[in-house]
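Read-outs throughout are calculated quantities, based only on the coordinates presented, and are distinct from any laboratory measurement. Remember, it's a predicted structure, so these values are computed and weren't measured experimentally. All Cβ positions, glycine included, derive from the backbone under ideal geometry; neighbour counts span all protein chains shown.
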Amino acid sequence: TTDETKMTNTRLGLTKLFSDLQSQGYRKCILPSNGYFRTKKADGNDLIVRNGAIQIPTNFTVDMNGSTFKLNTNTADIGNTNSVCDLLVRMTNCYDSHLINGILEGDRAERKALGLETGYKGEPISTFQFLGGKYSSIENLTIRQTTGHTVMSAAGTVRGNVSLPKTDFEKILIYNG
């Protein structure tokens with residue numbers, strides 16, 4: 001549905017599922033092959049939006065099993081970061097965490113159709129963020145229709161900086177769209 005009042009907030013459900021399984025001692029979750037959609041954060045505060053992404057917990061693997069995490073269209077048309085910011089998936093200070101075998105889809109096609117793709121508008125709408133971590137990875141993912149940063153890494157408060165040197169990307173296929 002495009003009616004935000006009828007959308008299910010899958011982002012919260014998936015984050016809770018992964019966290020609950022991890023706290024029960026499970027190390028892996030294999031999702032059914034289906035589409036999973038998350039709603040954008042209505043609050044324009046950058047930190048709340050980024051913390052509102054689907055969270056992968058520490059010591060845990062999410063096997064998407066071919067499923068899709070889709071970013072709902074962010075229709076903000078204001079040129080400042082706080083209004084346009086959004087993030088799909090995040091690993092924060094994770095140790096031995098992995099996201100594998102799926103599709104992460106942004107909202108580029110929808111933003112382009114609405115005329116919101118130009119300039120800085122949409123640049124902070126990101127697909128995946130490593131925020132600190134060690135021995136963690138993303139593997140066998142298709143990332144498509146991203147408007148802003150595709151994969152970001154930043155210094156974390158516990159585990160330190162995650163660097164992504166070119167040598168870590170052995171098999172990257174980049175194609176239009």
Summing +1 per Lys or Arg and -1 per Asp or Glu among the other residues with Cβ less than 10 Å from GLY106's Cβ gives 0
Compute the distance in nm between two label points, each set 7 Å from the Cα along the Cα-to-Cβ direction, one at LYS16 and one at ALA113. 3.0
